[in-house]
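Everything below concerns the one structure shown next.
The values are calculated or read from the model by the stated rules, or taken from the named source; none is laboratory data. Everything quoted here is computed from the prediction, not taken from an experiment. Positions of Cβ are backbone-derived with ideal geometry, glycine not excepted, and every protein chain shown enters the neighbour counts. Ligands, DNA and RNA are stripped out before the accessible areas are found, and what is left, the full protein with its side chains, is counted by its heavy atoms. Shrake-Rupley method; radii C 1.70, N 1.55, O 1.52, S 1.80 Å.
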Amino acid sequence: MKKRIVIIGMGFGGIHAARTLAGKGHEVVLVDRNNYHLFQPLLYQVATAGLEQESIAHPLRAMARHWQPGTRFELAEATGIDFARREVHTDARTIPYDYLVIGAGSVTNFFGLEGVQRHSFDLKELKDAEVLRNHILTAFERAVHEPDPARRRALMTFVIVGGGPTGVEFAGALIELVHFVLAKDYPELSTRAARVVLVESNDKLLAAMPENLQDYTLKKLRRMSVEVLLNARVVDAAPDRVIFHDGAVIPAHTLFWSAGVKAAPLAAALDVTAKPGGRVPVEPDLTLPGHPEVFVIGDMAYFEQEGLPLPMTAPVATQMGIYAGQAIVAKEAGSPVKPFRFRDKGSMATIGRNSAVARAFGINFRGYAAWLIWLLLHLYYLIGFRNRIVVMLNWVWYYWYHERQVRLITHRTGGHRQFEECK
Ligand SMILES: Cc1cc2nc3c(=O)[nH]c(=O)nc-3n(C[C@H](O)[C@H](O)[C@H](O)COP(=O)(O)OP(=O)(O)OC[C@H]3O[C@@H](n4cnc5c(N)ncnc54)[C@H](O)[C@@H]3O)c2cc1C
């Protein structure tokens, strides 16, 4: 019998669940508070003026149209779930379901550091990347008119917290933006005085990578003039400075926080005892305990494999989405459902031009080979043929001409909390 399957959240998990369910004879309702799927791993390239924001997003109605018949999209924010009545409450209307797949992702975790939350930038949404790009470029514009050398240097100092893939990739892209592009744009500034400082509380970068790739990343970033501070913790911030656990202070107008994420607020509405990071514990088949018709996937789900929680990454969300779709089809066919198992195909991070690290199928790659793998895989996983072409053209253009086309300040005041509070 035809069932109504509601999927909340069209991130990596949600779109793969929907794609798996398409054409299987059910009614599939896609719900997201945005009308696009966002390819978060490339957000940092929008923030560093390398890509247009449109090129890393894809309209959900176009996807739903592709998955016809039976699939439709509703723009709405889910606010709660009535498990007894099998209804999703949203800010638009109440949607009944037979099966529910919840993949609302995660939000930045500031670990209760109010000063940091107030004065830092993070990257989770498309608009965050635009705000950050505006801020970085505005900092340089202000530096041009700043007579005090110390304040000028603080305007050109960028502190990045978190030595995971996002922090590493952002640091590499930012220093290249400064040295290769902004150095030409701002002849009146000594851009070599600009500082990009990467702060990690651990004694190594890219904790999930093998040691030789961690060492390579550290050396490469330092060679690119990124100042890497290990075993250091940022505990507070003000509009013009960043404060460390030992009382040290770096004068800086830009603090970027990528030190952690926690489950999306919707997790708190599920009425379960949350695991660390507010994640929702799930059964071996990814269902909510006591609710075999409700699946929780992706960053929101807490699932242990070999004694360790699965990381909050795109491959985990993707495989969980596919599994949830297949499990629903199997349940409806009366077939047994095997427990979920994540197959780790590896991980990667790009550092800069011609340089990346990758671990794939038990082999470690670094340098140019890893960089090529990174480029090709990101193009492959990006949604939409046009997006792939646009992104590839931008990368080729940058590679040959050292130009990042999107050096646009689209709002002069929007989001510049730092500057406004410094007046
Ligand atoms: C800057 C950045 C870089 C990253 N780089 C990498 C990387 O290089 N490699 C990697 O593997 N992973 C990376 N990740 C992590 C990866 O993007 C996530 O693990 C992945 O997106 C999780 O997928 P998901 O489906 O659980 O949620 P998401 O992809 O976050 O999607 C959640 C969706 O739910 C929607 N939503 C949220 N709340 C509601 C609500 N209440 N109602 C309706 N809709 C809602 C959101 O709009 C969103 O579309 C990165 C993340 C970020 C932020």
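Details
- Over region 1-113, relative contact order from alpha-carbon pairs under 8 Å, at least 6 apart, %: 34 percent
- Sulfur and carbon atoms: percent of accessible area, the chain [1.4 Å]: 54 percent
- Taking Cβ atoms as reference points and 13 Å as the exclusive limit, the residues near L218 contribute a net charge of +1, counting Lys and Arg as +1 and Asp and Glu as -1.
- Over the chain, equivalent-ellipsoid semi-axes from the Cα gyration tensor in Å: 39, 22, 22
- 222 nm mean residue ellipticity, helices alone, for the chain (DSSP H n ≥ 4; -39,500 (n - 2.57); rounded to 500): -10000 deg cm²/dmol
- Candidate aspartates and glutamates for bridging to K275, where Cα separation is under 14 Å - those fewer than 8 sequence places away on the same chain excluded: E283, D299, E304
- Proximal lysines to K24, defined as alpha-carbon separation beneath 25 angstrom and excluding residues fewer than eight positions away on the same chain: K2, K3, K331, K338
- Separation of region 43-93 and region 249-324, taken as the distance between their Cα centroids, equals 18 angstrom.
- Most positive-pole-ward Cα, S190, V159, V228, against dipole of region 146-271 from beta carbon charges: S190
- Within the listed set T94, T166, T350, the Gaussian network model of the chain (springs between alpha-carbon atoms below 10 Å) gives the highest mean-square fluctuation for T94.
- Most mobile of M392, M320, M348 in a GNM of the chain (Cα contacts under 10 Å): M392
- Relative contact order of the chain: 21 percent, from C-alpha pairs under 8 Å at least 6 residues apart in sequence.
- Chymotrypsin sites (Phe, Trp or Tyr not before Pro) restricted to region 350-393 and DSSP loop, no more than 12 other C-beta within 10 Å: F361
- Shape box of region 12-127 [Cα atoms, principal axes, largest first, Å]: 47, 34, 22
- Protein heavy-atom accessible surface, 1.4 Å probe, per residue over the chain: 45 Å².
- Partners of K219 within straight-line reach, counting lysines whose Cα lies under 17 Å from its Cα and excluding those fewer than 8 residues away in the same chain: K204.
- Considering only beta bridges that DSSP places wholly inside the chain, some 55 percent are antiparallel.
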